[in-house]
Amino acid sequence: MYSARPKPGDTEEDLLKSQREFLAAETTGSAKVVRKPGANAEQRGREKQTTERDVVDLELGGLPPQLPPFETGPKSSKKASRFKQRQKKNEKPTKPVSLFAQQFSAVSPTVFGLPEQNQEVATEKMETEQGNAQAMMPGFGDTSTIVEGSGLSHDRKAVETEAHQIHQENIARLSAMTEEQIQQERDKLLQTLDPSLIQFLASKKKHQSTGETQHTSNESPLTAPVGTAEQAHVPAAGVSAVSSLSEEQRLRSLVSEQDNSEDVLLAEMDTGVPLQEQVPIQSSKDWLNMDVVEHEKLEWMKDLPAPKPGDNKGKVARFDLEGQLMCRDKDIPTHLGLHHHGDEPEVAGYTLEELFMLSRSRLPQQRALALQVLARIVARARNGEFAVALSGPLLPMMLESGMVFVVRFSLDENTPSLVATAVDALHSLLVLPGDELCADHVYSWYRGSEFPVLCPVRNPEEEGEEKGREKTDQELAKEDVIKGLLRMTLLPRLRYILEVLRPDGPVVIHIVDILIRVARHSLQAAYQISKHSLLERIMRYTAEHPSDLELDQLEAYSLAVESLRTWATCAVYGLGCEAFRELYPVVLQTLQRLFGTLSCVGSRADPQAFQAAALFSLIEGATHTAGVAAELSARLANVGEREGNHDNLPAPPINWSHVIGLLPAVQLCVKKWVTQAVSHTGEPQEVNSSLVASCLHYLASYLSKLVLQPSHDAVGTLQYLEELMSQVLLPLINSAYFITQLQKIRTFSPTCQHCGTAVPRQDSPALPDLGCRKAVSGQQPWLCVHEHSPYSMVTAVYRLAVQAVSLHKGLADKVSSLVTHQHVVAFLSSWQSQSDSASYWLRFEHHLLYHMVKLFTQLVPSVPSCHPHTVLYHQSALTLLRRLLPGDEHYIHDLMSTVIFQPSFFLESRLGDPEAADLSDMLQLSGDAVPTQISSAAQLSPHPSRGTLLQEASARLPAVRATYLQVLQGFRLDADKSRNRALGRPHQIQSLLLPVCTGPLLPADWVFLPLVQLHSMANSLESRGYPVESVPADVVATVTNSLRLVLMLETWRPETLTALTAAAKLTRLMCVFLTGSELFLDSSVHHLLSALLRHYTQPGLLAGLDFNMPIPGITSFYDLYKGLLAQYEATSFGDPLFASFVLLPLQQRFGVGFKKLLLSEHDAVFRTFPLQFQELVVPVENYLEPQETDQELLQMYLGVLLSGTVRQQWAPFFYLVMVKHITGYIFTHQSGQTLKHHLLHYHKVNLEAPRLGFDLHCQLPPDRLRLIQEVGDL
């Protein structure tokens, strides 16, 4: 027999080596295969066919109570019980028996808690253990479990002998040890074994002991006490083993009671009440395996203590099931379900950590509950309900905790209720209801389908640092939630939910809202939606009437409206027109039904009204596509003829004939609804103006495309316009309803009401929004998109009027009231006087103003009644130009081309005009009528007057316009995109997503933009080693035209540049001197700069000049001034105008920094600074007062005077300033009275003189007295 055994320190190589030695020895194994007695021949035959495996049989005896027990299932008995016989009868002989069934049939029924049917049956184990038990020594070993090694060797007798010897050795060793030694060895063994293995063995031993103590009753073996039922069929030799087991159970019970007592003590210490009284439960003998009451496990059933009062500051926030923030010290009833077994069971509510933990539960109900609460918390957080109560924003914390992943993983479930909850949570996370409500409200407005992208704006430097490294899903979701969800295959999952799971109506509506929000993220996100065919799935609801859907009426109409809007958005791109052609009868039938059933009075909340507005948006988009079909067909035909390829050119899906039949139906609707609105005598809010506005917008779009058709009938169009004017426009314009709408423009103007300056509050940079949180309650600050706002209706009227007058000039006089009405004039006067603001919603106000200005431009040449308002509209156009937002670049180009530089709008420039005569009188008769002449180093002609410069500038307005249009070439691409959207050119529209609204398109200093651009170009060339030696003629023309416009605006339209400070304006003018070496010496440039300098240094403007404050657009004025001094040293030629600009920052109220810069680094300026006192544009007192007290600067003054750097003949102005401040400091400083006396009366050195070492004059010498008198005269 191979006796080598593995040792505790053996490695895997040692075990393999032992295995090889064992196989090479070819010894008899210590274990053998034991056949089940009583098995039939057929069963033995099947066992022979199977693979023989080594079986180790364990002799079940008793172990000392200190050692962890090993437990195995009992051996199969030789005689089958009736229970086993019944089991065998039910078995099919041909069906294989599982291992569990074999084990079940092999053990005694008492192991499973079943009563024994045959009292005479004895187990094989008891019979085989009878002989072994007699040989065991009393005490140790009575309860040992002997490993026989059966199956490891064919010699059973040798194995039994070996096992018996080992057992005897163990008993002898234990008998020789004391209890302390046994306990030490036991502890050492427990420390070396794996804790999980110890726990497993203890649980197995506990199960064994529990099965052995089940016989505690006199009525049956299951309830008989130990020693009654088993003594009936257990030999006498087994009594010692049974008594040993009972002793072991008693010891284990003592240990258990000790552990329980510690837990009970802790529970009693918390409340001061015994735990048995808190949980009054007593055990019963009838409770199977529950005779011990574990009070510590029942502690959760006791009454909760009252919450501790205190300050909630710094505590973890808790929420109820509705997502509301809960007060921690409030006593909440337990039946509300807000108490649980958390860290603070007495405090009601759930923390975010507990909700996230609950969202990963195995039970779908618990996950659904957690998602519902999280969704409500997110919704309330995005509405700003926790902004004051919590110490920081909640949404970034939830995103950091993995909210996106919890929701996304929940979408992968197949349980409909859990999927619906996950969709609701995703909807709360992505969609801000206020934003969507406002967006739905303005969708049918003019260009209402355009929306700004809502993707996070990142710093280019951060993007450069992370370029080349792929981010993880978690990093991407933290930066951009929607981009992270797109990577996590959100769109395919939503499509699966729609097509396979087929959720209820509210879930579908939420999915539609989610897709809309994803599409507004970026053009790439919108493309992925179309790529996964989600649009086709949504548009299926269009072909069915809402009443035919098996949904609630509001849900059905919501789906129908969203489907129509989706279709209308596709039609703007020229898509979905094939479906429009196929469903043309349905569209026409719907128009007829709306004409018959829908009224514009009292239908503001009617779902059919929303459906009608969406339908008009659809047919308007289809009309735009059909309107360009002829142009595209001709263009494609020309391309095909040139290239010789006709097959690959796509044909437009619809043409003008497919939409011309819609005009009569739309005209019937608009006539009916306009008549109802005009004749309504109730409240104006009862009129659904969106219906009328949708029809008018469609008519304007129809007319804009009608004139482009080859079949256009000019005469018929004029007749139709006259009919439209008499039947629709004029009754509407002259009605009390429309006058009320005009009056409400100013009331609902966010600019006039100072409501447009609010900045959208970003809860998280990863989820940008438009900030319309209060729109649900009707409290949004952007009043122009309020449900009672007149902007949609009024804009539609002005747009249709502009289109009608552009086609029929004879209608101009009939619509003149639209531009001369007192409410319109009051609105424009108030609007242009307000401060600038930026918000996406302000663009609808800008659209109205643009069409007002365009209509006035069309009317002013032929309608004399418009002339008194010319200046007002011109100033409004200039103000609108600097307030237009991204997406409206076309309006900037159009206003500059047709309005801003129009000579007829500068009434002051006309000869003989009263305004021009008054202005000339003001220029000549004011106190500053004859401006001080500033000579030039170029020996130019005499300086012209300001009136002459203005007349010359007015005559060159076309050249000025060309200059600014050339400067705006950087907006050309964006202007083309904006023009295509505004004019409805589907084949050229790339995206309805607008750029991020970070502010107006043009800077506040757009008038100085040519000067700033030229300065930047010059700096760029110089930095690359190409200094600007000579200035080209076109650059001189650009600078001249820019200065001309600045002079005209400062003189005639001063409100245009009020947003800029005097320092900012003078800084832009300094760029002229920094652009080229001789640019400022050009006569036109020099004259204009001189006039502007005199204007900006007027007493009223000079008081607001401050170079110490930050100047917008300039990173550092100190650096700019340093460059200006260097440029003066190099190229000034002592020019007085250049010198005047250099002197501006050297005034006493601007500090000593600029003076020290001049004295320390650019003292060469003093060599060529012949500016005379009569040429100063700033009073000399600004340089002499107050007295300089900076000793360092005074020492620098004295140094340059003594060194001869500053001389009276080179720089008379600086000589005066320095001498004045030095003498003033000496003669006025209180601590220098004695010094002043010594300096004035000093005579000669005399070392014998007391204390001084020099003599003093008794009185001032005549030369010194004369010098002091001369200085005093100055």
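Just a few scattered comments:
- The stretch 679-715, subset touching a residue at least 12 places away in the same chain (Cβ under 8 Å), surrounded by fewer than 16 Cβ atoms within 10 Å (Cβ to Cβ) and aliphatic (A, V, I, L, M), residue farthest from A571 (Cα to Cα): V707
- Selection of the stretch 652-664 for residues being buried (at least 18 other Cβ atoms within 10 Å of the Cβ) and under 19 Å from L598 (Cβ atoms) yields only L662.
- All of (1) over 20 Å from L1216 (Cβ atoms); (2) outside any loop (DSSP other than H, G, I, E, B) hold for K1155 with one exception: (1).
- Selection over the stretch 1109-1124 of residues that are surrounded by fewer than 20 Cβ atoms within 10 Å (Cβ to Cβ) and either more than 37 Å from the chain's Cα centre (by Cα) or part of a helix (DSSP H, G or I) (or both) gives a count of 5.
- Cβ-Cβ contacts under 6 Å between residues 6 or more apart (or on different chains), taken from a first residue in the stretch 851-864 that is open to solvent by 10 Å² or more (accessible area, probe 1.4 Å) to a second residue that is in a loop (DSSP other than H, G, I, E, B), are listed as S862/A812.
- Taking the criterion of being open to solvent by less than 50 Å² (accessible area, probe 1.4 Å) and either within 28 Å of the chain's Cα centre (by Cα) or of a type in the set (S, T, N, Q) (or both), the residues of the stretch 979-995 that qualify are N980, R981, I989, S991, L992, L993, L994.
- Filtered by the rule that a residue be closer than 30 Å to G887 by Cα and either of a type in the set (D, E) or over 19 Å from the mean Cα position of the chain (by Cα) (or both), the stretch 406-448 gives D435, E436, D440, H441, V442, Y443, S444, W445, Y446, R447, G448.
- Considering the stretch 433-547, the qualifying helices (runs of 4 or more DSSP H), each wholly inside and each with 2 or more residues that are more than 27 Å from A612 (Cα to Cα) and at pLDDT 80 or above, run over 473-479, 481-487, 490-496, 523-531.
- In the stretch 522-548, residue least open to solvent (accessible area, probe 1.4 Å) [restricted to those that are farther than 20 Å from L992 by Cα, touching a residue at least 40 places away in the same chain (Cβ under 8 Å) and not small (G, A, S)]: P546
Each row is one residue, and each column tells you yes or no for (1) touching a helix residue (DSSP H, G or I) at 6+ places or on another chain (Cβ under 7 Å); (2) at pLDDT 90 or above; (3) open to solvent by less than 30 Å² (accessible area, probe 1.4 Å).
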residue: G1199; (1), (2), (3): no, yes, no
residue: G1204; (1), (2), (3): no, yes, yes
residue: W1210; (1), (2), (3): yes, yes, no
residue: Y1215; (1), (2), (3): no, yes, no
residue: T1228; (1), (2), (3): no, no, no
residue: T1234; (1), (2), (3): no, no, no
residue: H1237; (1), (2), (3): no, no, no
residue: V1245; (1), (2), (3): no, no, no
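- In this structure, A838 does satisfy being open to solvent by 10 Å² or more (accessible area, probe 1.4 Å) and in a loop (DSSP other than H, G, I, E, B).
- Top-ranked residue in the stretch 1062-1104 [being polar (S, T, N, Q), open to solvent by 10 Å² or more (accessible area, probe 1.4 Å) and touching a helix residue (DSSP H, G or I) at 6+ places or on another chain (Cβ under 7 Å); ranked as modelled with the lowest pLDDT]: S1077
- Here A1059 passes the criteria (1) closer than 30 Å to L872 by Cα; (2) assigned to a helix (DSSP H, G or I); (3) under 42 Å from the mean Cα position of the chain (by Cα) except the one numbered (2).
- Inter-residue pairs, beta-carbon under 7 Å, first closer than 15 Å to L767 by Cβ and in the stretch 399-417, second hydroxyl-bearing (S, T, Y), 6+ apart: L399/S764
To keep it simple, each residue is scored yes or no on (1) at pLDDT 95 or above; (2) open to solvent by 20 Å² or more (accessible area, probe 1.4 Å); (3) assigned by the TED database to the domain that holds D976.
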{"site": "P868", "(1), (2), (3)": "no, yes, no"}
{"site": "V899", "(1), (2), (3)": "yes, no, yes"}
{"site": "E915", "(1), (2), (3)": "no, yes, yes"}
{"site": "D918", "(1), (2), (3)": "no, yes, yes"}
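- Helices (runs of 4 or more DSSP H) wholly inside the stretch 941-1053 containing at least 2 residues that are among the hydroxyl-bearing types (S, T, Y): 946-955, 957-967, 1009-1023, 1033-1052
- In this entry, H1221 is excluded by the filter for residues that are at pLDDT 80 or above and open to solvent by 50 Å² or more (accessible area, probe 1.4 Å).
- Selection within the stretch 810-835 - under 19 Å from L872 (Cβ atoms) and open to solvent by less than 10 Å² (accessible area, probe 1.4 Å): A812, V815, L818, V819, V824, F827, L828, W831
- Restricting the stretch 1024-1056 to residues that are among the charged types (D, E, K, R) and under 16 Å from R961 (Cβ atoms), the residue that is nearest to the chain's Cα centre (by Cα): R1053
- If you check L872, L895, L957 for being at pLDDT 90 or above, open to solvent by less than 60 Å² (accessible area, probe 1.4 Å) and assigned by the TED database to the domain that holds A801, only one passes: L872.
- Helices (runs of 4 or more DSSP H) within the stretch 1188-1267 that include 2 or more residues within 60 Å of the chain's Cα centre (by Cα): 1191-1203, 1212-1228
The values are calculated or read from the model by the stated rules, or taken from the named source; none is laboratory data. Computed from a predicted model, the values in this text were never measured in an experiment. Here the Cβ is made from the backbone with ideal geometry for all residues, glycine too, and neighbour counts use every protein chain on show. These accessible areas exclude ligands, DNA and RNA; they are computed on the full protein's heavy atoms, side chains included. Shrake-Rupley method; radii C 1.70, N 1.55, O 1.52, S 1.80 Å.
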